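One structure below.
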Amino acid sequence: MDKMLVRGGRRLNGEVSTSGAKNSALKMLFASLLAEGRHVFHNVPELQDIISSAQLLESLNCSVERKGKTLIVDVKKPGSFEAHYDLVRKMRASILCLGPLLAKYGQAQVSLPGGCAIGSRPIDLHLQGMKAMGAEIELHQGYVHAKAGSASGRLQGASILFEFATVGGTENVMMAATLAEGVTIIENAAKEPEIVDLANYLNKMGAKIEGAGTAIIRVTGVEKLTPAEHEVVPDRIEAGTLLIAGAITGGEVTVKKCVPEHLDALILKMRESGFTIDTEKTSMTVRPCKEWKGVDVSTAPHPGFPTDLQAQFMTLMTVAQGTSVITETVFENRFMHVTELARLGADITPKARVAVVRGKPGLLEGAPVMATDLRASASLVLAGLVAKNETLVNRIYHLDRGYEALEAKLSSLGADIKRLKE
Ligand code: EPZ
């Protein structure tokens, strides 16, 4: 397992570009199952999770070819409609092939993803949505067995109200509804930019989706979709992580090829903390700041503060002046970075979903730490950038699932960071 060695104390400066959004590209790859033929995706990041989804598509008889940042997926009718446990357990987003398979072929068998490091993460809301559209669902031997119940073999349009604005649930139902008979209304839909991106791609395929990005999505089912070409939206979480990297080192960093509008909540909180951030349409710059203050943050579905930036923001707060209270409302167990940050000297008291961070400039000191999930890993790398001496981040395969060439990007800004291969 590779490790990352970071020598702290270098001020980052310069420009860096954002890659395509993992959490958008993944869903599109699964959505391609809705139309046989050749789909072309641009700006697809080279990440382990993308490789895992390509493997799942290949197991469903598709062929996937990468040419630089472009991924070409040739979709053919699968021999079986199963997403196997071995693939789903590597990447829980695999559950997102349920909606497309069920809508297109009237059946699917998808392994249950199980829990993960950040919580139990059930898929009950996905299944409720499919059932509302007439699917017959049984759970046995660790698999979801789903069938379109109607005589026509097609799902039926329905009104679905999510009790929580679930990202994956919204996406799964939205994809399934594109080929359903009739109109589907999703209420309390998640509004993340990746959902809008997915809807844009589906509409290019001939779907009729309105309202993506708002709390009410309306999908008028069509009989057939056709393959399409699409450029994946920039990764807002990577962009936010790079902005915090510049900020925490007191440097001046411009993050290019991003959509600052997607990061309003982060920018608001960073400004409140004392940073100057200038935004253009597709770039944002954090200006040098010597001292910033602790501010309170509570995560929430978009457009609220993203849970996927909570750990990185917490690191920023460990070296702020004063106390901040960080509340995680989306996941039940997303504070695993706290004990690792404490190994670097951070003063944090976590209790259930609230962490009190007593920040102090210059507080962190390098030590070996363990990455526990993707965003926690990023928070430890950020901590390493400002900690005295060396920080060795173990188990960075988590990082490789979601950040494309992070060490190269940080090095290009002047960080002293290198990957140790094992
Ligand atoms: C997506 O996960 C992202 N993953 C996550 O990013 C992100 O943290 C999350 O949305 C929230 O923004 C991908 O896009 C692949 P949810 P998802 O359904 O779809 C509960 C990262 O680091 N819930 O909105 O799984 C669930 O347990 C990852 O890139 C149910 O109870 O998120 C959680 O507490 C991590 N029942 C909350 O809702 C359900 O059926 C939010 O989950 C579904 C969800």
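No lab work stands behind these numbers, since they all come straight from the coordinates. Please read these numbers as outputs of a predicted model, since none were measured by experiment. Cβ coordinates were reconstructed from backbone atoms using ideal geometry, including for glycine residues, and neighbour counts include every protein chain displayed.
Values as computed for the structure displayed
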| quantity | calculated |
| --- | --- |
| The chain - mean residue ellipticity at 222 nm from DSSP helices (-39,500 (n - 2.57) per run, n ≥ 4, rounded to 500) | -9000 deg cm²/dmol |
| Segment 275-352 - convex hull of alpha carbons, volume per residue in Å³ | 108 |
| Volume of the Cα convex hull of the chain, divided per residue and given in Å³ | 122 |
| Length-normalised contact order for the chain - Cα pairs under 8 Å, 6+ apart - percent | 21 |
| Of the chymotrypsin sites (Phe, Trp or Tyr not before Pro) in segment 142-200, those whose Cβ has at most 13 other Cβ within 10 Å and which sit in DSSP loop | 164 |
| Student exercise, segment 85-165 dipole from Lys, Arg, Asp, Glu Cβ charges, in Debye to nearest 20 | 220 |
| Selection from 266, 4, 140, by position along the positive dipole direction of the chain (Cβ) | 4 |
| Share, in percent, of DSSP beta bridges within the chain that are antiparallel, nearest 5 | 70 |
| Exposure proxy ranking, count of Cβ atoms within 10 Å, fewest first, for 313, 275 | 275, 313 |
| Anisotropy class of segment 149-227 from Cα gyration tensor, a/c 1.5 cut | oblate |
| Shape of segment 231-311, Cα gyration tensor, a/c cut at 1.5 | oblate |
| Ratio of Rg to Rh over segment 43-143 (Cα coordinates, Kirkwood Rh, two decimals) | 0.98 |
| Segment 229-313: trypsin sites (Lys or Arg not before Pro) falling in loop per DSSP and having at most 12 other Cβ within 10 Å | 281, 290 |
| Unit charges at the beta carbon, dipole of segment 22-231: most positive-side option, 157, 94, 185 | 94 |
| Dipole in debye (nearest 20) - segment 340-419, about Cα centre, beta carbon charges: Lys, Arg +1; Asp, Glu -1 | 260 |
| Degrees between helix 236-248 axis and first principal axis of the chain (Cα, 0 to 90, nearest 10) | 0 |
| Dipole of the chain, positive end: most advanced residue of 310, 129, 394 [Cβ charges, Cα centre] | 394 |
| Given charges at beta-carbon only (K, R positive; D, E negative), |dipole| of the chain in Debye | 580 |
| Antiparallel DSSP beta bridges within segment 22-231, as percent of all bridges there, nearest 5 | 75 |
| Dimensionless Rg/Rh of segment 107-170 - Kirkwood Rh, Rg from C-alpha atoms | 0.99 |
| Filtered GluC sites (Glu not before Pro), segment 79-168: DSSP coil and at most 12 other beta carbons within 10 Å | 163 |
| Shape of segment 192-231, Cα gyration tensor, a/c cut at 1.5 | oblate |
| Taking the C-alpha atoms of segment 22-231, convex hull volume expressed per residue in Å³ | 103 |
